[in-house]
1. Looking at segment B:40-61, can you tell me whether even one residue there is surrounded by 13 or more Cβ atoms within 10 Å (Cβ to Cβ), in a helix (DSSP H, G or I), among the aromatic types (Phe, Trp, Tyr) and away from chain A (no Cβ under 14 Å)?
2. May I ask you to list the residues in segment A:1-20 that are within 11 Å of another protein chain (Cβ to nearest Cβ) and not aliphatic (A, V, I, L, M)?
3. Residue by residue through segment A:334-358, note down the ones that are on the phi > 0 side of the Ramachandran plot and either buried (at least 24 other Cβ atoms within 10 Å of the Cβ) or within 10 Å of chain B (Cβ to nearest Cβ) (or both).
4. So if I check each of B:Arg148, B:Arg180, B:Arg108, which one is surrounded by fewer than 23 Cβ atoms within 10 Å (Cβ to Cβ), without any contact (Cβ under 8 Å) to a residue 24 or more places away in the chain and either under 24 Å from B:Ser40 (Cα atoms) or not charged (D, E, K, R) (or both)?
5. State the number of residues belonging to segment B:25-39 that are exposed (fewer than 14 other Cβ atoms within 10 Å of the Cβ) and facing another protein chain (nearest Cβ under 8 Å).
6. Looking at (1) within 30 Å of B:Tyr60 (Cα to Cα); (2) in contact with a Phe, Trp or Tyr (Cβ under 9 Å, 6 or more places away or on another chain); (3) at pLDDT 95 or above, which one does B:Ala198 not meet, given that it meets all the others?
7. Give me a count of the residues in segment B:1-24 that are at the interface with another protein chain (Cβ under 7 Å from one of its Cβ atoms) and in a helix (DSSP H, G or I).
Amino acid sequence: MKIYIMETARILAPLLILAFTGISCIRRLTGIRAVQTMDREMRIIQLIIKELFLLVCFLSEAVSYGSVDTAVFGLTVTALTGLADILFTCLFRNADQEIMMDASMLFATGIVILTRLDRHHALRQFLIAGGCMALLSALLFGRERIRSALQKLSAYGIQDYAVPVSGILGLVLLAMVFPFGSEVNGSMLGMTLFGITLQPSEPVKPLFVFFLASAFAAGGTKWKRISLVTAAMGYVFILVLSRDLGSGGIYFVTFVLMAFLATGRRWIPAAGLIAGTAAFAASTILFSHVRVRVQAFLDPWSAIDSRGYQITQSLFAIAYGGPFGAGLTRGTPKSIPFAETDFVFSAVCEELGIITGICIILLCLLLFLRIFDHAAASRELFEGLFLSGTAVMFLTQAFLTIGGETRFIPSTGVTLPLVSYGGSSAVSTLIMLFSVQAVIIRKRERMRERMHAFAERYRQETEAAAFSWKEEQEVPR
Amino acid sequence: MNRIKTVRVFFTVLMLLLAAYLVLYAACSYRKLFDNDYNSRTRLLSGQNTRGTIYSADGYILAETRTDAADGKDRRVYPFGNVFSHIVGFSANGGSGIEDLQDYYLVRSDIAVFHKAEYEKNGGKFPGNTVMTTLHAGLQCAAEEAMRGYRGAMIITEPSTGRILACVSKPDFDPNTIARDWAEITADSSSGRLMNRAFQGTYPPGSTFKIIDTAAFLEQDVQAAADYGYTCTGTFSAGNETIHCYGGEVHYDLDLTGSFVRSCNCSFANIGLLLDRGKLRGLMNRMYFDRKLPFDMPASVSRATPERNCPDADMIQLSIGQGTAVMSPLHLNMITAAAANGGIMMKPYAVDAVLTADGDDIKVFHPSEAGRIFSSDTAAALTGMMAETVRSGTARGLRSESWTAAGKTGSAEYSEQAELSHAWFTGFAPAEDPQICITVILEGAGSGSQAAVPAARKVLDAWFDMQ
């Protein structure tokens, strides 16, 4: 009996996520202005597919472990995520449901594989993400009040201080890693404050994007621009110094692309590419930590039991599953070092298959493109920059982690947002997604208001015209 | 807006490239990655499945896993003991032979799901996939018996397909006790018991190299070959090298066939100097000298190709298969089989098919050509000379009432003392319609005619008795 369930689940799970991704792709390819009626049907189908996916995966895990706890946990997670999705759709009608759906699917995959790797971590991740979502939803729900509060504050001219304050705040938070931080796998990523472990590079991400967006939108003098570049480089420099080169790279790329999008000057990405390559080359020479990673990328096989161990174990796992995967609990993903964090994509490929891996890549891309579409359609510079900056930051991270795990590029020690285990990462990704939704909601509400105002004026004018026509009619007697 | 589009396109292309790379890499490398020693997933599968059975082409079990009734542990059993020790190999301690080559399939169980469910219900492990080899148990036993008491190798293949029918390497071992004997076997570094000498041994070819000389001469100038005449005086010199015919013989007047049949060193040294070096290099390259053989099990590379400007002294050493030239028995067998196969060399292979434990095909291997190494006319001429070698030449010991063989002997000197030589024989039978091609080398056994030919005789007798 068990084998029937496991074999069916093994084939079904990748097919479900493939169907989900397929629908998202179709929606994208038929244009941004998708037919409204079909849109709702497609979303409902996607929700059902996602719920089925969760059920199938948790069922196979529970059956394999013979554990009632897992079954209960799985059912609870399935029910709650479904409820959360429906609630979100109902509460925030003007939010972008596609973004919510795709992000939700990524998160679902994450929970499924984390449950398989370590149930306690899965529970912790779910609670943190759930709690954070609840809090952010509450904030989003009360956006009117927050907006009016902010407007009152802007009377004091606080907007002028937004740029320097956010910039300096971010730098300070990142720098806190030096006195308080602890070394993990060669980089000083995290610190423990008041018993909570967090990675400052994570929550500072939305702050960084906000800082850059407001700085570019504010425009300004040559001095302001120089100090902007210096501050941004300061961020990257601190990260490089703390040997978190992956995050340094992400911040750097985000800065370069935001500058390019803000100004449209072609030389910016070119200069960024040259500077980045030079910096990478320099760091390879200067830092043994980086050199080891580059050597492991170029030839992991000759040092397979030392510096090449991580990447070769990752490659073994990825190649083992085949298109459909070995099936949840049927592989040995725990043989990959850091399978829950830096190498979660390999664990997913091993047990859920290459098909699922491709779907994750596509979902990340679709999420990026969707946010970017909204950025393209923005009228305000700050809005557009904030949205595109968030999108770029997200996809760069996804690319670095997946590329590193598959030996497409050297591994950089960053995690896959929403999928990997990590409280700070989940929180910061949710903050970024919710702020994106906030911007989109505001944009759509403003558009609706404008349309209403326009419709109202039109109605009044036609009524007035009709009225005057009536009057004229009555005159000839 | 152009910049938006640029960024969009950039990231889309990047991610799609990543996806394409992922698929291609996994598809190309999954076997190689699975076989890597640092990949622990073989152990995982061994916990789920019992290792599959290996069969000979004539239906005998060569290797199987039996579960001990007492303690429930699995034991790998080789019913033929040491007879197939190198070619079938063993699975412990890294593995060797076919056990290693098809490890990927042997540890997996690809029977249907509903069948697996039955095994699951009974609490047992799933049966691993079956490997059907090309090996012929009856022939292998005859070969092993013929090789007893010697060191060396014997390899027998089917010339029209490349299937390996038998492969023996001596000294050998008993794979049933390999784990227990491991320390002892590996400590003795001089004997090389674990090495499959048929594939990995490299020996000077001696007079068997005259097959290549003859092929080169025929390919270069058929008319000159037909008109060839030489008067052997027992010695030949070039540069500062002097060679003699074997055993101090003097052969007087010979044509090409006579030179081949009597294995006259002086005549062939002469032919060696007549050969166009460039064309010889081309021929040897086609024959897979100095490059990896088209064979998927570990095999050595034969080294013999002369430099374009190599001195005459070196050339005459090469033409009698001495000097620095070395070959593996497998390689010589491939070339001989090509002569039997009209000039087309086939890729050797040891596995016919991989099946599920229920008998369904998973993968079937077919004969494939390695390339045409010489023309069919050359092949016919060579066959004729080799048949004559058996009829009246150095391989007279193979004359039989019921079958006709063809071949070439060799006595390859390998030390300063002229007394010590390896005994070679390479040939095929029946001469007019070749079914099997046999190559044997007996280390230090002396002359090919006196030592290698009788060993081949025993095996060919056994083979034709079985038909």
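The values are calculated or read from the model by the stated rules, or taken from the named source; none is laboratory data. The structure displayed is predicted, hence computed values, not measured ones. Every residue, glycine among them, receives a Cβ derived from its backbone with ideal geometry; neighbour counts consider all protein chains shown.
1. Checked segment B:40-61: no residue is surrounded by 13 or more Cβ atoms within 10 Å (Cβ to Cβ), in a helix (DSSP H, G or I), among the aromatic types (Phe, Trp, Tyr) and away from chain A (no Cβ under 14 Å).
2. The first filter runs over segment A:1-20 and keeps only residues within 11 Å of another protein chain (Cβ to nearest Cβ), leaving A:1-8, A:10-11.
A:Lys2, A:Tyr4, A:Glu7, A:Thr8, A:Arg10 - these are the residues of segment A:1-20 that are within 11 Å of another protein chain (Cβ to nearest Cβ) and not aliphatic (A, V, I, L, M).
3. Hit for segment A:334-358 is A:Gly353, nothing else.
4. B:Arg180
5. Going residue by residue through segment B:25-39, those that are exposed (fewer than 14 other Cβ atoms within 10 Å of the Cβ) are B:27-28, B:31-32, B:37.
The next check asks that each one be facing another protein chain (nearest Cβ under 8 Å); those that pass are none.
So the answer is 0.
6. (2)
7. 13
A quick yes/no check of all residues on (1) aromatic (Phe, Trp, Tyr); (2) part of a helix (DSSP H, G or I):
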site	(1), (2)
A:Ser346	no, yes
A:Leu352	no, yes
A:Thr356	no, yes
A:Leu363	no, yes
A:Gly403	no, yes
A:Phe408	yes, no
A:Leu416	no, no
